[in-house]
Amino acid sequence: MSLVLAEILPDRDVADVLRSVESVARASGGEFIEAQVTGSKDRVFAIVEGVAPADLRTALGAAGLNVDDVASVRLVGADLAAIKADRPASGYLVEWDLPSGLTMDAYLARKKEKSPLYAQVPETTFQRTYVREDMVKCLCFYDAPDEDAVRRARDVVSAPIDRLHHLADVRCDA
C-alpha cells in the first residue's frame, strides 16, 4: 500500500489533532502509521497508509484540520512493519528540499553510498527517511543528544539541512 505524508498546522490541542488523523485514516479505509510533532507544536507530520493523497486531504479538511500539504512518500532506511509495531519516537527531524532534477533512483543510490558514514557520528542514530515521490523534499529522522550532533551527522553524509525541528513527545492517547 502507498504511504502518504500529511503536514498539518494545528490550531487546537495536538493530541486531539492526532486522534482526528487516526479517525480520518480509519474511516477512509487506511491506517494511521505515525505522526511527529515539532517541539513548538506548530506542525504535525503524519504518515497514513492506504489512502490516496487527494482523498486524505479532503477528509482531513472535512474534519476541521488545517492541512498545509499532502503527498505520496516512500519510506527509506526502516521497515514499515517495525514502525507499525513500535511507533518509535524520534528526537529530531531534518527537512531537506531536494535539488531540482534529482531522481528517486539517484537519491536512493546516494543514500545507500553515504549511510555507512553515519558511523563517524556514533552519538547520532539515523532512524528513517520519508522521500516525497514528487522529489520535492525528504524528511529524515534522527535520535541525537542535540542539534549539533544532527548537524555533524548531516555534514558527514554531505546532506544539507533546510529546516531542523526538535520533536515533541505527543501521543494520540495523551
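The values are calculated or read from the model by the stated rules, or taken from the named source; none is laboratory data. Because the structure is predicted, anything quoted here is derived from the model rather than measured. Neighbour counts are summed over all protein chains in view; Cβ atoms, including those assigned to glycine, are modelled from backbone coordinates with ideal geometry. Note: areas computed on protein heavy atoms with side chains; ligands, DNA, RNA excluded. Shrake-Rupley method; radii C 1.70, N 1.55, O 1.52, S 1.80 Å.
Per-structure values
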read-out: Heavy-atom accessible area per residue - region 60-100, 1.4 Å, Å²; value: 44 Å²
read-out: Crossing angle, helix 14-27 versus the chain [Cα axis fit, 0-90 degrees, rounded to tens]; value: 70 degrees
read-out: Distance (nanometres) between label positions extended 7 Å along Cα→Cβ at L117 and D69; value: 2.4 nm
read-out: FRET efficiency for D13 and E49, using Cβ-Cβ distance with R0 set to 30 Å, rounded to 0.05; value: 0.75
read-out: Segment D146-S158, length gained on full extension (0.36 nm per residue, minus Cα span); value: 2.4 nm
read-out: Between helix 53-62 and the chain: long-axis angle, C-alpha atoms, 0 to 90°, nearest 10; value: 50 degrees
read-out: Subset of K41/K111; K111/K137; K114/K137; K112/K137 violating a 23 Å alpha-carbon distance limit; value: K41/K111
read-out: The chain - mean residue ellipticity at 222 nm from DSSP helices (-39,500 (n - 2.57) per run, n ≥ 4, rounded to 500); value: -9000 deg cm²/dmol
read-out: Helix 104-114 vs. the chain, principal-axis angle (Cα, 0 to 90°, nearest 10); value: 50 degrees
read-out: Among 42-48, 127-133, the order from most to least packed when residues are scored by Cβ within 10 Å on average; value: 42-48, 127-133
